[in-house]
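Trainee: The structure under discussion is supplied below as structure tokens; questions concerning it will follow.
The values are calculated or read from the model by the stated rules, or taken from the named source; none is laboratory data. All of these numbers come straight from a predicted model, not from anything done at the bench. Glycine also receives a Cβ, built like all others from the backbone with ideal geometry; neighbour counts cover every protein chain displayed. Each accessible area value is taken on the protein alone, full model and side chains, heavy atoms only, with ligands, DNA and RNA left out. Shrake-Rupley method; radii C 1.70, N 1.55, O 1.52, S 1.80 Å.
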Amino acid sequence: MKALKSWKFVERTDNGFVLEVEQDHRLQVSVLEPALIRVCLLKDSEYRLDRTWAIAPSEDVPWEGRHRDDVTGFSSPRFSLVRSEQDVVLETDNLRLTIDKPLTLTWECRVSKVDDWQEIATDRPQNAYMIGRKDHRKQHFMRRFQDERYYGLGEKSGALERSGRRYEMRNLDAMGYDARTTDPLYKHIAFTITDRGALGAYGLYYDTLAPCWFDLGNEKDNYHPPFRAFRATDGELDFYFSWAPTVLDVVKRHHWMTGGTAFMPRWGLGYSGSSMAYADAENAQERMQAFLEKLDEEDIPCDSFQMSSGYTAIEGKRYVFHWNTDRFPNVEAMSGSYSDAGVHLIANVKPVLLEDHPLYGDVRDDGLFIRDSETGDPEHSPFWDGNGSHLDFTNLDTISWWQKNLSEKLFAKGIPYTWNDNNEYEVWDDEAVCSGFGKPIPVNLIRPLHSQLMTRASHDAQQHNQPEKRPYLISRCAAPGTQRYAQTWTGDNFTSWDSLRWNIPMGLGLSLSGFYNIGHDVGGFAGPRPEPELFLRWVQNGIFHPRLTIHSWNDDGTANEAWMYPEITPLVRDALKLRAQLIPYLYTLLYQAVTAGEPILRPLFLDHPDDANCRNTEFDFLLGRDLLVATVVEKAAKHRKVTLPANKEGWWAFGGGNWYPGGEIIEVPVSLETIPLFVRGGTVLPFAEANPRADAGSDTHRTWRIYPQPDAGPQRHSLAYDDDGATISALDGNHTLTAFELSRKGRESHLRWLRSGTWQPNFDAVELWLAGSDPLVVNGMPAFNGSKIAFSLAKKS
């Protein structure tokens, strides 16, 4: 490795400046927003890969990628630049960047021009930037300070706060992982947030898809003060530095910069059934049909079924797009039954063809596989009890082939949705050749890009198949940008109480990294069959995540099912019905994620940064800003400690009987049926009936659950969003927004509400439900528990 030290100023550009580094290399600085600056170090003054698929602030990237220097979608504000022989100083309204000799960057921040500059980050004083002499390795070292707290990095095991550990980005099929310790996992999200308390927070996004490592205090070196490190095996050192007064603002900017969240159909928030045991059974179609019948028999709400890859399996091997007709003798009849029942089928698809796949020869001859770096033949990798070759999604012909097979093998058979799985691209010939849309790229630079383009290809195929409807997709592997197309989950977790607990901060880490629409395999995927209590507690937790799927591949061949233990089935049913009732609230949160960049799952400190207690809890979280979830995650628990964030409005127990002041840690007695759940004072929760399906047509009865403030504090605002749940035109105006304003006057709670939009829901009246016993006034008229008010276009308030 070579440390980069000397530099000289080359030129000012339209949005930044350029330095020559050690005569051969180039450092580019670009101002994108007042508090967002990009820094790119080019070895030998050339890009290793001149394109990005992550950055999409205003529109999606072209299939072939967006040039890294493209500033479309950014405001590129004015900046000042002062330079001398020793340093260069760039200033925007919010950031000041100083580059000194030897090469070190120091970052200062301020909220406005009248504030003083304060240092928030700096490189370590020696050897801050290092590059490989004979290869393309890159390293970046920064000072680490005692008061820093680190978040982000997406799907990572262990504590949400990342200090003291080293993390690797290298996508693996990590089945049965330990949610407390295993690393790496499925996703590649090279983004950290550093919280500096009163100074604010900054985000660092390294725009690379090559294998890389983050050391956040694990490593020590006597020759340097405490430092943090980023190391990559290949690719660019190309990072985005973003500052904001709060962690939340940093999260939202990163979410916006990488393209936001897909607006999936409403039914995607309902319970989704799944199990490897169904599609892998020799009588798979009968098992699938029996699932539908059991839903009715057990009175379980359900909206979809994720059909695992057993439908393509022969003797354990998986042959994508190749139906096992012994197991599924009449696919159209099965899909018709599901369609008639209003349960959406989602088929598992994989990006590898085994060598004995019936289509392998044709795909090989058409050049659609990633190619071995030495022979030019299709690369060979282990896959599902065999060996196969990975499809090359940087080839437009591969994308067309994929979409054609989706259309013919799935869509034409009545299965219009896709679960993109086993797409980690474990191709360990680092120089294996990808088409690169006409500019070949070694696979080591872009492994997770293939999973993203696979998901995008499936997304676009769904759009073509149903032009007026929103696509629904799931992808296991992901990189920044994948959330523009799909929902994701934390992969094949191990069945244990530890997984139930530690999947919670894992999901929150994804949320802080711009992936808002996520969940976990409820009940555990790999390992032993869950015991009744563990299964129940997992369901009670899973209902508060956007993706709710009971999925399994139990060692004993059994399936995790809502009715698997008759002694607890009533309690599982109660939890799933509560989820069905929460659909209007969850759908509103999805709307706010899509339109305003608001995280759906939120660690307590995100909205309460000054409450120290909120930083010391791993397993409590907020669903939206107003619903505090503290489900039971310990075996045989009799009590549950709950952290109630400090605020003026306090917190109501969900049932409305007790109000607690904020800033306390309380102990709640629990039994098997207990789901500790609290609502912020001043909140109006939109609530549905426990409908069997989550489609808008079934939503014929609406309740507003009103949780008043305790005193004459500030007014609080809530929102409810409704549309038809399916069409792509909803955000263009074919929807209804209901704005709530809740205040306190003496003993009375006053609710004002205003409806806007042209879409009429399937209910024309709303029932009121009030926590506590104080009087209620709605739009100037007295009301009470059970009152109904008109809610129609003809009678809007």
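Trainee: Scan segment 165-183 residue by residue and report those that are open to solvent by 10 Å² or more (accessible area, probe 1.4 Å) and in a loop (DSSP other than H, G, I, E, B).
Mentor: Arg165, Arg170, Leu172, Asp173, Ala174, Met175, Gly176, Asp178, Arg180, Thr181, Thr182, Asp183
Trainee: With Gly336, Gly273 as the choices, which residue is assigned to a helix (DSSP H, G or I), among the small types (Gly, Ala, Ser) and either open to solvent by 10 Å² or more (accessible area, probe 1.4 Å) or under 22 Å from Thr549 (Cα atoms) (or both)?
Mentor: Gly336
Trainee: So which residues in segment 309-333 are touching a strand residue (DSSP E or B) at 6+ places or on another chain (Cβ under 7 Å), in a loop (DSSP other than H, G, I, E, B) and surrounded by 21 or more Cβ atoms within 10 Å (Cβ to Cβ)?
Mentor: Tyr319, Val320
Trainee: When Phe525 is evaluated against the numbered criteria (1) on the phi < 0 side of the Ramachandran plot; (2) surrounded by fewer than 23 Cβ atoms within 10 Å (Cβ to Cβ), which criterion, by number, is the only one it fails?
Mentor: Unmet condition: (2).
Trainee: Do you know which of the residues in segment 237-260 that are of a type in the set (Ser, Thr, Tyr) and not in a strand (DSSP E or B) is most open to solvent (accessible area, probe 1.4 Å)?
Mentor: Of everything passing the filter in segment 237-260, Thr246 is most open to solvent (accessible area, probe 1.4 Å).
Trainee: Which numbered condition in (1) out of contact with any Lys or Arg (no Cβ under 6 Å at 6 or more places or on another chain); (2) surrounded by 24 or more Cβ atoms within 10 Å (Cβ to Cβ); (3) not in a loop (DSSP other than H, G, I, E, B) is the only one that Gly509 fails?
Mentor: Condition not satisfied by Gly509: (1).
Trainee: Further question: Scan (1) closer than 25 Å to Asn658 by Cβ; (2) open to solvent by 60 Å² or more (accessible area, probe 1.4 Å); (3) of a type in the set (Ser, Thr, Tyr); (4) touching a residue at least 24 places away in the same chain (Cβ under 8 Å) for the single condition Ser773 breaks and write down its number.
Mentor: Every listed condition holds for Ser773 apart from (4).
Trainee: What are the residues in segment 682-712 that are open to solvent by less than 30 Å² (accessible area, probe 1.4 Å) and either on the phi > 0 side of the Ramachandran plot or not hydrophobic (A, V, I, L, M, F, W, C) (or both), if any?
Mentor: Once the filter is applied, which keeps residues that are open to solvent by less than 30 Å² (accessible area, probe 1.4 Å) and either on the phi > 0 side of the Ramachandran plot or not hydrophobic (A, V, I, L, M, F, W, C) (or both), segment 682-712 yields Gly682, Thr683, Pro686, Asn691, Asp699, Arg702, Thr703, Arg705, Tyr707, Pro708, Gln709.
Trainee: Continuing with the same structure: Mind checking whether some residue in segment 480-502 is of a type in the set (Gly, Ala, Ser) and assigned to a helix (DSSP H, G or I)?
Mentor: Yes, that holds for at least one residue.
Trainee: Looking only at residues in segment 130-164 that are in a strand (DSSP E or B) and of a type in the set (A, V, I, L, M, F, W, C), which one is surrounded by the most Cβ atoms within 10 Å (Cβ to Cβ)?
Mentor: Only one residue fits best here, namely Phe141.
Trainee: Is segment 277-287 home to any residue that is more than 19 Å from the chain's Cα centre (by Cα), free of Cβ contacts under 8 Å to residues at least 40 places away in the same chain and outside any loop (DSSP other than H, G, I, E, B)?
Mentor: yes
Trainee: Then there's this: For segment 45-66, give me the residue count where each residue is under 20 Å from Asn444 (Cα atoms) and of a type outside the set (A, V, I, L, M).
Mentor: Adding up the residues that qualify gives 11.
Trainee: Also: I'd like to check which strands (runs of 3 or more DSSP E) are fully inside segment 590-657 and have at least 3 residues that are within 30 Å of Thr495 (Cβ to Cβ), open to solvent by 50 Å² or more (accessible area, probe 1.4 Å) and at pLDDT 95 or above.
Mentor: So the answer is none; nothing clears 3.
Trainee: Would you pick out the residues in segment 522-541 that are of a type outside the set (Val, Ile, Thr) and without any contact (Cβ under 8 Å) to a residue 40 or more places away in the chain?
Mentor: If the condition is that a residue be of a type outside the set (Val, Ile, Thr) and without any contact (Cβ under 8 Å) to a residue 40 or more places away in the chain, then Gly523, Gly524, Pro528, Arg529, Pro530, Glu531, Pro532, Phe535, Trp538 are the ones that fit.
Trainee: Now for a separate question. Looking at Gly662, is it at pLDDT below 95, open to solvent by 10 Å² or more (accessible area, probe 1.4 Å) and at negative phi?
Mentor: no
Trainee: Just checking, how many residues over segment 384-405 are free of Cβ contacts under 8 Å to residues at least 60 places away in the same chain and of a type outside the set (Ser, Thr, Tyr)?
Mentor: Total satisfying the criteria: 8.
Trainee: Next question, about the same structure. Kindly indicate whether any position in segment 531-539 is within 18 Å of the chain's Cα centre (by Cα) and either at positive phi or not basic (Lys, Arg) (or both).
Mentor: no
Trainee: Looking only at segment 713-750, which residues are aliphatic (A, V, I, L, M), buried (at least 18 other Cβ atoms within 10 Å of the Cβ) and in contact with a His (Cβ under 8 Å, 6 or more places away or on another chain)?
Mentor: Listed by number, the list holds a single entry, Leu742.
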